[in-house]
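**Student:** What follows is a structure written as structure tokens; I'll ask about it next.
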Amino acid sequence: MSRPASESESSVDTRWIEATYRVRASPSAIDARAQAIALEQSIELPIEAVSDARVLNEVVARVVQIVPADGRAFDATIRLAAETTGFEAGQLLNMLFGNTSLQDDVTLLDVEFPSAFTARFGGPRFGIAGIRELTGVQGRPLTCSALKPQGLAPARLAALAHTFARAGIDVLKDDHGLADQASAPFAARVAEVQRAVDRANCEIGGRCVYAPSLNGHYEQMREQVAQARACGVQMFLVAPMVSGVAALAALARDAGAPIIAHPAMAGSTRIAPPLLLGKLFRLFGADATIFPNSGGRFSYTPEICAGIVDAAREAWQHLAPALPVPAGGMAVERVHEMRARFGDDVMLLIGGSLLMAGDQLFARCREFVAAVRNGGGNR
């Protein structure tokens, strides 16, 4: 079994990134298994097939540490050549876990990047501070809800949006299932919803921000951004594992507005949620990241959720912190608990349980807003 790397071996080298994998293997097999992962994620060849000295010294991945984990598993840390990523989001995922994701005995746990590498991506362009400035909210969590269900016409969705915004919700996003369907085409839906939000903001002196969902290939999303920005839209929702992490990185660079990342399809990856939803989405430019909170419709544990929040917000080189967004079957009655767990730098997303109020939607939204604002802070 490999021993932990020495201090000199583990010193920061800008040529390498270090990925840690949880590998199910016996003690007698783990060394060979880790070496196989290193080759799979770099040259995808037996080492005997390579004779080029530069490839051997600068491209072939290296196992630097193997330590026992829980049960019949080990954590293997492997150095991967930064140059193989091309400093592009999709290729980075490919080099971290592309072929190895097809081997079900391995999970990608964490990645450490040198600062010269993260600088090539830039991270959130707005982050927590930018979203707070846009919404005018300081000193408390932000409130968020969602327009749904799909199948409603633009006028119906706009009526819901007006109610949410008039009740004082800070951010109103499309349900991630809303795309460019015939029932509510993107251009018509976004124009009507933004007008409804603007009208409600004028009525109450509010600053609710609407975030429509971007879908399709990247050229379609660019056109959607242009259409939405012309209507006054100031924020967008993207599902990076549906549209592609490269699309997230490009939109973060080009959209000129904060990006909320949605976790759809993230559960199929065997990448640890704190790494994917917290660290990688932040690296690629997400200003806020939605995650399924424990105790809701999904199975994330409190520990996983805490890890996502930490990865999104903690100090990390030059990158701005991203705003964590606990969601997935939340209710007004959990506001105090979520605030106690996650603090004030969070956006609380409650959707379906508000819409269940039917004709009492406005009153239920006011309860949500009051529950958050009564904990302190302005607006």
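The values are calculated or read from the model by the stated rules, or taken from the named source; none is laboratory data. Computed from a prediction, not measured in an experiment: that's the story for all the values here. Methodologically, a virtual Cβ is constructed for each residue, glycine included, from the backbone with ideal geometry; neighbour enumeration extends over all protein chains shown.
**Student:** Is segment 176-186 home to any residue that is surrounded by fewer than 20 Cβ atoms within 10 Å (Cβ to Cβ), out of contact with any helix residue (DSSP H, G or I) (no Cβ under 9 Å at 6 or more places or on another chain), closer than 23 Å to V325 by Cβ and modelled with pLDDT of 95 or more?
**Tutor:** Checked against the condition, which is being surrounded by fewer than 20 Cβ atoms within 10 Å (Cβ to Cβ), out of contact with any helix residue (DSSP H, G or I) (no Cβ under 9 Å at 6 or more places or on another chain), closer than 23 Å to V325 by Cβ and modelled with pLDDT of 95 or more, segment 176-186 yields at least one hit.
**Student:** Next question. Which one of T143, T100 is among the hydroxyl-bearing types (S, T, Y) and within 30 Å of I37 (Cα to Cα)?
**Tutor:** T100
**Student:** So, in segment 313-361, of the ones that are charged (D, E, K, R) and over 18 Å from the mean Cα position of the chain (by Cα), which residue ends up farthest from R253 (Cα to Cα)?
**Tutor:** Among them, the one singled out is D359.
**Student:** I want to confirm something. Restricting to segment 38-82 and keeping residues that are in a helix (DSSP H, G or I) and β-branched (V, I, T), which single residue is farthest from L92 (Cα to Cα)? Step through it out loud before you land on a result.
**Tutor:** Of segment 38-82, the ones in a helix (DSSP H, G or I) are 38-40, 47-49, 53-58, 82.
From the residues that got through so far, the ones that are β-branched (V, I, T) too are 47, 55.
On the way: I47: 22, V55: 18 Å.
Top of the filtered list is I47.
**Student:** I want to confirm something. Restricting to segment 289-324 and keeping residues that are surrounded by 17 or more Cβ atoms within 10 Å (Cβ to Cβ) and of a type in the set (S, T, N, Q), which single residue is farthest from R125 (Cα to Cα)?
**Tutor:** Ranking the qualifying residues of segment 289-324, first place goes to S294.
**Student:** On to the next question. Looking only at strands (runs of 3 or more DSSP E) that fall completely inside segment 102-197, which ones have 1 or more residues that are in contact with a Ser or Thr (Cβ under 7 Å, 6 or more places away or on another chain) and outside the structural domain of I66 (by TED's automatic domain parsing)? So that I can check it myself, show each step before the final result.
**Tutor:** On the way: elements: 106-112, 142-147, 171-174.
The qualifying strands (runs of 3 or more DSSP E) are 142-147, 171-174.
**Student:** Is it the case that segment 121-142 has a residue that's under 21 Å from D359 (Cβ atoms), buried (at least 21 other Cβ atoms within 10 Å of the Cβ) and touching a residue at least 24 places away in the same chain (Cβ under 8 Å)?
**Tutor:** Scanning segment 121-142, I find no residue that is under 21 Å from D359 (Cβ atoms), buried (at least 21 other Cβ atoms within 10 Å of the Cβ) and touching a residue at least 24 places away in the same chain (Cβ under 8 Å), so the answer is no.
**Student:** If you don't mind, another one. From the list T269, T289, pick out the single residue that is closer than 21 Å to Y210 by Cα, touching a residue at least 12 places away in the same chain (Cβ under 8 Å) and of a type in the set (S, T, Y).
**Tutor:** T289
**Student:** How many residues, within segment 79-90, are surrounded by fewer than 22 Cβ atoms within 10 Å (Cβ to Cβ) and in contact (Cβ under 8 Å) with a residue 60 or more places away in the chain?
**Tutor:** Residues in segment 79-90 being surrounded by fewer than 22 Cβ atoms within 10 Å (Cβ to Cβ) and in contact (Cβ under 8 Å) with a residue 60 or more places away in the chain: 6 in total.
**Student:** Is it the case that some residue within segment 305-320 is in contact with a strand residue (DSSP E or B) (Cβ under 7 Å, 6 or more places away or on another chain) and touching a residue at least 60 places away in the same chain (Cβ under 8 Å)?
**Tutor:** Start the filter on segment 305-320 by keeping residues that are in contact with a strand residue (DSSP E or B) (Cβ under 7 Å, 6 or more places away or on another chain), which leaves 305, 308-309, 312-313.
Now narrow it down to the ones that are touching a residue at least 60 places away in the same chain (Cβ under 8 Å): 313.
Taking every residue of segment 305-320 in turn, at least one turns out to be in contact with a strand residue (DSSP E or B) (Cβ under 7 Å, 6 or more places away or on another chain) and touching a residue at least 60 places away in the same chain (Cβ under 8 Å).
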